[in-house]
Amino acid sequence: MLDKSEIIDYTIQQASALGADMCQARLVYNNKYELNADNRALTLLRTYDTVNLNVTVIKNKRKGSLTIGKTDRESINEGLKTAIANTEHVPEDSALDVMPKREAEHYTNGDSIPDREAIFSELQVFVKDLRQEYPRIRLSTTNNSFSREQLWFGNSNGLRLTSDNGMYLFILTFMAKENLKATSFNFSVTINPKPLGRLLNLEQVQRNLYNSERSIDPKPIPESFTGDLIFSPESCEDFMETILNSISGNALFSKNTPYLDKLGEVIASPELTIVGHPASDEFPAADHFGAYGAKIEKLPIITKGRLDNHLISYYFSKKLNKPLTCDGSPGIEVKPGHLSLEELISNVERGVLLGRFSGGNPNANLDFSGIAKNSFYIEKGKIKNALTETMIAGNIQSLIKSIKGISIEQTGQMSSGKFPFIACTGVDISSGRSSAGANI
Amino acid sequence: MYHLLNPYENLLPQNTDLRLQKNHTHSITIVNGNVMANAHSEQGGVSARVRRFGAYGFNAVPDFSETAIKSVISQAEENANQFEQFPTGLTQQLPSVEPVQGIWDYREGKVIIEDSRIIQFMLTLDKYIADKYPDLIKRALNYNSMSLEKALLTSFGTKVFQYIPRTLIVIELAVKHQEDFVNLYNVAGGFGLFVDNFDQPEAHFEMIDKLYLQLQEKAKGVYCRGGEFEVILDSELAGILAHEAIGHTTEADLVIMGSVSADFMHQKVASDLITLKDHGQRSSDGKSSTAVHVDDEGVKCRDITIIDRGVLNNYMHDRESAQYYNTLPTGNSRAWSFSDEPIIRMRSTFIEPGTSKLEEMISQVDDGYYFCKPSNGQADSTSEFMFGVIFGYEIKGGKLGSAIRDTTISGVAFDMLKTVSAVSDDMVWTKGGLCGKKQPMIVGMGGPAIRCRINVGGRL
């Protein structure tokens with residue numbers, strides 16, 4: 001039986017022995033300790049170990065890949081044979097390569113074993129205190145957990161990297177209900193390298209629970225209109241993912257993005273600055289290094305509205321003949337602004353504070369349409385009521401150019417990073433149930 | 001894998017499920033002629049779930065050895081015993097269930113096609129598109145074969161093996177029209193292995209040609225107007241409607257949370273024209289894109305009628321929710337991977353066909369839309385649902401007009417379904433279908449064309 005630290009070396013040696021010109025291998029061990037609760041009680045303690053060995057072989061400039069959940073010699077050898085055999089049937093790709101060697105790197109973050117007592121007591125206290133402090137809230141699929149990922153990476157150029165990341169996660173799914181009235185479900189994900197403490201004190205949790213409780217009596221908008229949209233940190237995170245996908249190497253390669261030739265140009269309001277970060281205590285879910293082993297460094301993505309970098313991995317840097325900028329998943333920070341949320345709201349003539357967006361995937365043009373969930377109607381600078389059956393439509397390219405303000409408040413510990421509230425304008429807001437909403 | 005269960009028959013502790021599972025995936029992605037992915041994946045292991053003190057302990061490891069099997073049972077018991085200190089107040093003992101034995105292996109007797117032939121098939125399709133349609137800015141083909149292999153043993157005597165495959169090819173085309181990018185995709189394939197779904201690549205050229213023509217129509221298309229409209233949902237959308245609008249709202253764990261279905265049992269929630277079911281096996285016509293014979297708690301799947309001629313009749317249950325509602329489990333408890341616990345999932349969810357003809361249904365709409373192809377969807381505890389529409393047409397004066405650009409449609413299911421005024425006599429099963437709810441899951445979705453009133457997200 002191979003030791004964990006020997007598996008990468010063995011895999012790469014065997015790949016070469018079986019005829020591969022190049023090889024890279026990524027071995028990931030995951031351990032999970034997860035306590036689940038629902039509306040009634042603690043319901044499940046789930047623990048598991050998983051192992052994934054992902055191997056890419058390159059032979060005659062052709063690629064084959066394999067992922068297996070076993071690390072014994074026989075399984076590795078059989079897997080390599082399949083991957084190498086598969087290289088014979090695909091066209092050549094001159095961009096295929098593995099990263100050059102650099103000094104070995106080892107990264108460590110967070111705990112290596114779960115604080116079981118903390119996980120239990122935090123969730124038990126949460127369920128108990130929730131009933132008293134937020135009596136209308138009903139829970140679903142809620143869990144408090146610890147996750148550890150140990151990663152070994154190596155390639156046939158001799159590059160060797162390891163990381164060992166432990167983090168605590170609190171995933172909350174809930175709605176509010178009172179008699180026959182019910183709100184939309186909502187959810188939040190909070191991540192930290194250490195136990196989270198009193199879960200009801202988490203900013204994201206408090207804000208969303210409070211908003212759900214005051215959404216028990218929603219109304220549709222009084223009439224359809226074009227107006228302002230204030231993104232919550234949660235909906236901001238959602239929309240930012242679309243923007244980041246549209247500046248990825250994949251999008252550039254398929255030429256299916258409006259940002260193809262926009263490097264260095266202003267694509268957004270000068271209010272908007274987005275930065276990518278490597279893994280740290282502030283960004284515990286981010287990568288230290290990417291799929292090809294490139295180190296994740298701090299990266300300006302959009303600076304005061306200017307597109308500073310596309311997100312180009314090692315493979316796409318070769319494919320597109322462009323500099324490598326980002327080989328994996330950095331932590332994303334949308335920089336806070338200068339106005340409070342209260343000020344952003346007070347500047348809205350008519351609009352929506354968007355809690356959560358539920359819609360079809362935005363298209364390559366970045367058009368979007370969907371339902372404004374867990375959202376509020378704003379009129380003349382004041383929140384009037386929670387919303388129901390209200391749809392929003394627009395274009396993300398236009399939205400980020402039309403930013404009116406970004407909040408000082410910024411929510412961290414989110415699954416992708418840190419996000420503020422962002423106020424934009426030029427969104428079409430409609431409802432079939434409003435008095436003048438039909439057939440406009 | 002089935003034989004690995006033999007030593008543990010009659011030896012499992014009380015209230016224990018033992019599951020051995022492997023997920024097999026083969027994917028090939030070709031973008032603009034470049035093979036971006038050409039990968040096999042096989043991930044599996046053993047899990048045990050034990051019920052004690054009204055809660056569950058669960059443990060899983062990526063191994064099938066005797067040592068691993070014994071250790072997961074022991075660890076799952078230890079996990080369950082933690083609840084002695086944290087009493088749940090929930091009933092410990094669940095109602096007894098009839099044990100099931102059986103093997104359902106959909107590979108049996110089938111020829112396994114070599115990777116080289118599959119890759120060549122994909123490259124032939126790609127070449128056809130590249131040669132015939134050079135004006136495309138993007139052509140992307142994704143081949144995905146996904147099989148779930150499960151062996152299950154329960155302490156009440158169920159011992160089963162299921163090998164459930166599904167094979168899909170998604171073809172996406174994109175053009176640039178003036179300053180806009182316009183994309184459209186189609187899905188081929190369905191239940192079974194490659195050999196069950198694909199023979200000669202030439203047989204799919206006509207589908208590609210049709211997709212290209214639709215793309216061109218869409219490129220010249222109009223944005224939908226926002227608001228409530230009378231629409232025809234093509235039979236390709238009925239499945240996602242059944243899944244998102246009603247299905248999730250009637251999963252009993254969400255009902256216990258507080259979904260509005262809790263307040264509407266045995267009440268009229270839809271037009272008389274709507275009968276909505278969730279079936280096991282491959283559904284009653286044998287054509288669903290998935291098969292579930294026994295769920296991951298060892299309960300034989302029962303076909304259930306969720307809405308019967310407009311009246312809400314049933315929820316989908318696992319053993320615990322069945323206990324809670326004093327009814328029988330329905331066999332809806334499923335897990336995605338070996339390291340996942342089983343939770344209530346849909347199986348093959350569909351709306352029954354009616355008697356109307358699609359052409360007549362369209363002709364009776366004065367100002368509305370005919371929506372043809374869905375993208376993603378989402379449900380809600382309020383029964384408000386949405387799904388994306390990536391292709392369709394305006395309807396003006398009973399006739400099809402311009403094609404439309406992407407939009408999203410939504411409604412509150414228990415209101416929207418009451419506006420259904422016609423249901424076609426077609427029945428189409430969605431070829432794909434992947435549901436997300438803590439874990440992913442392969443599901444079947446299907447139905448006829450439906451005329452109703454619905455909210456359309458659009459420009460003003």
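The values are calculated or read from the model by the stated rules, or taken from the named source; none is laboratory data. Being a predicted model, the structure only gives us computed values, none of them experimental. Positions of Cβ are generated from backbone atoms using ideal geometry, with glycine treated the same way; all protein chains shown enter the neighbour counts.
Taking the stated definitions as given, is A:Ser369 buried (at least 24 other Cβ atoms within 10 Å of the Cβ), hydroxyl-bearing (Ser, Thr, Tyr), touching a residue at least 40 places away in the same chain (Cβ under 8 Å) and in a strand (DSSP E or B)? In short, no.
Those residues that are assigned to a strand (DSSP E or B) and either on the phi > 0 side of the Ramachandran plot or small (Gly, Ala, Ser) (or both), I need them from segment B:419-442; list them, please.
If we filter segment B:419-442 for residues that are assigned to a strand (DSSP E or B), which is where we start, we get B:422-424, B:428-429, B:434-437, B:439-442.
Scanning segment B:419-442 gives B:Ala422, B:Ser424, B:Gly436.
Summed over segment B:3-46, residues that are over 30 Å from B:Gln120 (Cα atoms) and under 26 Å from the mean Cα position of the chain (by Cα) total 7.
If A:Ile332 satisfies all but one of (1) touching a helix residue (DSSP H, G or I) at 6+ places or on another chain (Cβ under 9 Å); (2) surrounded by fewer than 21 Cβ atoms within 10 Å (Cβ to Cβ); (3) touching a residue at least 60 places away in the same chain (Cβ under 8 Å), what's the number of the condition it fails? Here A:Ile332 clears every test but (2).
Taken across segment B:93-105, residues that are in contact with a Leu (Cβ under 6 Å, 6 or more places away or on another chain), surrounded by fewer than 20 Cβ atoms within 10 Å (Cβ to Cβ) and in a strand (DSSP E or B) do not occur at all. Scan segment B:443-460 for residues that are surrounded by 24 or more Cβ atoms within 10 Å (Cβ to Cβ), at the interface with chain A (Cβ under 10 Å from one of its Cβ atoms) and assigned to a loop (DSSP other than H, G, I, E, B) and jot them down. Residue satisfying the conditions is B:Gly458 alone.
Here A:Phe126 clears all of (1) within 20 Å of the chain's Cα centre (by Cα); (2) part of a helix (DSSP H, G or I) except the condition numbered (1). Restricting attention to segment B:170-205, the residues being under 20 Å from the mean Cα position of the chain (by Cα) and in a strand (DSSP E or B) number 9.
Considering segment A:335-352, and only residues there that are assigned to a loop (DSSP other than H, G, I, E, B) and surrounded by 21 or more Cβ atoms within 10 Å (Cβ to Cβ), the residue that is farthest from the other protein chains (Cβ to nearest Cβ) turns out to be A:Gly337.
Inside segment A:79-107, can you point out the residues that are of a type in the set (A, V, I, L, M), within 14 Å of another protein chain (Cβ to nearest Cβ) and either in contact with a Ser or Thr (Cβ under 9 Å, 6 or more places away or on another chain) or in a loop (DSSP other than H, G, I, E, B) (or both)? Listed by number, the residues that qualify are A:Leu80, A:Ala83, A:Ala85, A:Val90, A:Ala95, A:Leu96. For A:Ser112, the conditions (1) part of a loop (DSSP other than H, G, I, E, B); (2) at pLDDT below 95; (3) not basic (Lys, Arg) all hold with the exception of (2). Could you list, in sequence order, all residues of segment B:179-199 that are free of Cβ contacts under 8 Å to residues at least 12 places away in the same chain and within 11 Å of chain A (Cβ to nearest Cβ)? Matches in segment B:179-199: B:Glu179 only.
Would you confirm, using the coordinates I've provided, whether A:Gly293 is buried (at least 19 other Cβ atoms within 10 Å of the Cβ) and either assigned to a helix (DSSP H, G or I) or of a type outside the set (A, V, I, L, M) (or both)?
Yes.
Note on segment A:353-401: among residues that are among the acidic types (Asp, Glu) and at the interface with chain B (Cβ under 10 Å from one of its Cβ atoms), the one that is nearest to the chain's Cα centre (by Cα) is A:Asp367.
Cβ separations smaller than 6 Å between residues 6+ apart or across chains give the following pairs from segment A:155-179 residues that are under 30 Å from A:Ala104 (Cα atoms) to residues that are among the aliphatic types (A, V, I, L, M) and part of a strand (DSSP E or B): A:Ser156/A:Met22; A:Ser163/A:Leu151; A:Met167/A:Ile191; A:Leu169/A:Ile191.
Residue-by-condition table, conditions (1) over 23 Å from B:Gln21 (Cα atoms); (2) more than 10 Å from every other protein chain (Cβ to nearest Cβ); (3) surrounded by fewer than 18 Cβ atoms within 10 Å (Cβ to Cβ):
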| position | (1), (2), (3) |
| --- | --- |
| B:Gly33 | yes, no, yes |
| B:Ala39 | no, no, no |
| B:Val46 | no, yes, no |
| B:Gly57 | no, no, no |
| B:Ser65 | no, yes, yes |
| B:Ile69 | no, yes, no |
| B:Ile73 | no, yes, no |
| B:Ala76 | no, no, no |
| B:Phe83 | yes, no, no |
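Residues in segment B:115-169 that are in a strand (DSSP E or B), in contact with a Lys or Arg (Cβ under 6 Å, 6 or more places away or on another chain) and within 14 Å of chain A (Cβ to nearest Cβ): B:Met146, B:Glu149. For A:Ser5, the conditions (1) in a loop (DSSP other than H, G, I, E, B); (2) at pLDDT below 95 all hold with the exception of (1).
Please specify each residue of segment A:63-78 satisfying the condition of being in contact with a strand residue (DSSP E or B) (Cβ under 9 Å, 6 or more places away or on another chain), touching a residue at least 12 places away in the same chain (Cβ under 8 Å) and either outside any strand (DSSP E or B) or more than 8 Å from chain B (Cβ to nearest Cβ) (or both).
A:Gly69, A:Lys70, A:Thr71, A:Ile76
Scanning segment B:96-114 for residues that are more than 14 Å from every other protein chain (Cβ to nearest Cβ) and in contact with a helix residue (DSSP H, G or I) (Cβ under 6 Å, 6 or more places away or on another chain) returns B:Lys110, B:Val111. If you check B:Ile395, B:Ile390 for being over 18 Å from the mean Cα position of the chain (by Cα), within 24 Å of B:Met441 (Cβ to Cβ) and part of a strand (DSSP E or B), only one passes: B:Ile390. The set of residues in segment B:397-417 being in contact (Cβ under 8 Å) with a residue 60 or more places away in the chain and either away from chain A (no Cβ under 14 Å) or hydrophobic (A, V, I, L, M, F, W, C) (or both) consists of B:Ser402, B:Ala403, B:Ile404, B:Ile409, B:Ala413, B:Phe414, B:Met416, B:Leu417.
Among residues of segment A:36-55 that are more than 7 Å from chain B (Cβ to nearest Cβ), those with a Cβ under 6 angstrom from a residue that is assigned to a loop (DSSP other than H, G, I, E, B), sequence gap 6+ or separate chain, pair up as A:Leu53/A:Thr71. Taking the criterion of being within 11 Å of chain A (Cβ to nearest Cβ), within 15 Å of B:Arg453 (Cα to Cα) and outside any strand (DSSP E or B), the only residue of segment B:365-379 that qualifies is B:Asp366.
Mind checking which residues of segment B:297-339 are in a loop (DSSP other than H, G, I, E, B), within 14 Å of chain A (Cβ to nearest Cβ) and within 30 Å of A:Thr50 (Cβ to Cβ)?
Scanning segment B:297-339 gives B:Glu297, B:Asp318, B:Ala335, B:Trp336, B:Ser337, B:Phe338, B:Ser339.
So, in segment A:315-333, exactly how many residues are among the charged types (D, E, K, R) and within 14 Å of chain B (Cβ to nearest Cβ)?
2
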